[in-house]
Every structure is written in structure tokens, then in C-alpha cells.
């Protein structure tokens, strides 16, 4: 029997929403999505409001499933410099 099945240990982390599940008004962590401002091969970009630890407007990119792996090299200078989050 697995430890998680026996009730021992912490519960598994909640899964982040799939890109098809996000839309204006959705929340991801401390961000509230306000409007979609772009879309490309790697994901969708939203204008969002960060509420914690400071309140500010940000651009938040929701990466498509599978695009967050090291095997993906789309030729982007950001990927080559290791700046893709």
C-alpha cells in the first residue's frame, strides 16, 4: 500500500489548470486573469493582476502542456540563454 493511500504524508499538490481551462476571470496562484492579449505556439498571454505580495498589473504567459520541458527548443533566443521560465 502506498503511503499516500494510507493517509500518511502530505496530499499531492493541486494541478495547475490546463490552458483550455483558463479564461478572463480565472485565477492562477495570486494572479487574476483580466483579458487575453496574445497567443502563439507556446501558449496564451493574459493581462493579469497580481494581488500578493504586491498589487500590480502583469503579463502572464500560460504555457501549453509539454512546452515546459528541456527537450523543447523552438529556436528562441530566450530558450538558448536559459531564460524561459
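Computed from the coordinates by the stated procedures, all read-outs in this text should not be read as laboratory data. All figures in this text were calculated on a predicted structure; none of them were measured in a lab. We place every Cβ from the backbone using ideal geometry, glycine too, and count neighbours over all the protein chains shown.
Some notes on this structure:
- Using a simple spin-label model with pseudo-atoms 7 Å out from Cα toward Cβ, residue 32 and residue 52 lie 1.4 nm apart.
- Size estimate for the range 23-64 follows the Kirkwood approach: the inverse of mean 1/r over distinct Cα pairs works out to 10.2 Å.
- Inter-probe distance in nm under a simple model that places probes 7 Å from Cα toward Cβ, at residue 23 and residue 63: 2.6 nm
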